[in-house]
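Coordinate-derived values only; no laboratory data. Here the structure is a predicted model, which is why all the values come from computation and not from measurement. Cβ sites come from the backbone with ideal geometry, for glycine too, and all protein chains shown count toward neighbours.
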């Protein structure tokens with residue numbers, strides 16, 4: 001694929017990924033299993049690397065910190081005490097939890113302010129007939145994070161792993177990210193909304209799945225599409241974003257942006 005190596009920056013940081021994984025464990029931050037958290041964090045980092053997503057240095061630093069914490073927790077209890085006595089430093093587990101609690105507090109405040117902003121926007125008077133009919137209003141849904149999307153595409157790729165396990169023939173993928181962007185925009189332009197898994201129907205290989213996913217991320221980054229969930233960790237739905245939210249794609253005339261939807 002000619003542009004398969006395009007680097008797509010992850011739009012959220014390592015603390016966002018940690019909060020995402022804590023919520024998946026469905027436990028209080030103070031009771032989180034650090035060994036399991038470290039394992040899952042590293043799995044997501046490896047998945048992002050395989051998808052050619054550009055990782056900020058903070059992800060690598062956090063991965064190193066978690067690997068250290070995990071290695072300490074796997075030691076016998078008596079050896080853990082010896083290590084702590086030798087280092088005479090604050091337990092890195094509690095330092096990380098403290099930062100995570102603090103980050104969650106500011107994140108919750110930001111989310112509350114965004115909700116207030118959204119409510120204020122709804123007060124603005126609009127002309128009759130200008131409000132689109134939407135059976136699933138976005139304000140009643142949750143925005144899917146980059147990590148929700150990565151987890152969902154991993155499930156799709158797992159199916160292709162089983163499907164291609166017995167194949168010995170190497171297939172040359174002809175799909176490029178830019179071509180998949182056109183395909184997705186056409187499909188969403190016709191349907192208006194699709195479930196995440198429906199985007200990959202008809203994909204014939206892992207390479208095509210990855211190209212489709214990277215194209216989806218780029219369209220979400222440009223606000224051409226929105227990804228949401230009816231509930232936490234629920235089915236992800238992709239919808240066309242309102243035109244006034246969208247950014248112009250590089251090299252694309254303004255007039256074509258509306259018609260492509």
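What is the packing order of peptides 224-230, 68-74, taking the mean over residues of other C-beta atoms within 10 Å and listing the highest first?
Answer by packing, highest mean first, reads 224-230, 68-74.
In whole angstrom, and with the biggest value first, how far do the Cα coordinates of the range 21-77 range along each principal axis?
38, 25, 16
Which order do the peptides 155-161, 16-22 come out in when sorted by mean C-beta neighbours inside 10 angstrom, highest first?
The most tightly packed comes first, giving 16-22, 155-161.
Report Rg/Rh for the range 173-217, rounded to two decimals, where Rg is the Cα radius of gyration and Rh the Kirkwood radius.
So for the range 173-217, dividing Rg by the Kirkwood Rh gives 0.93.
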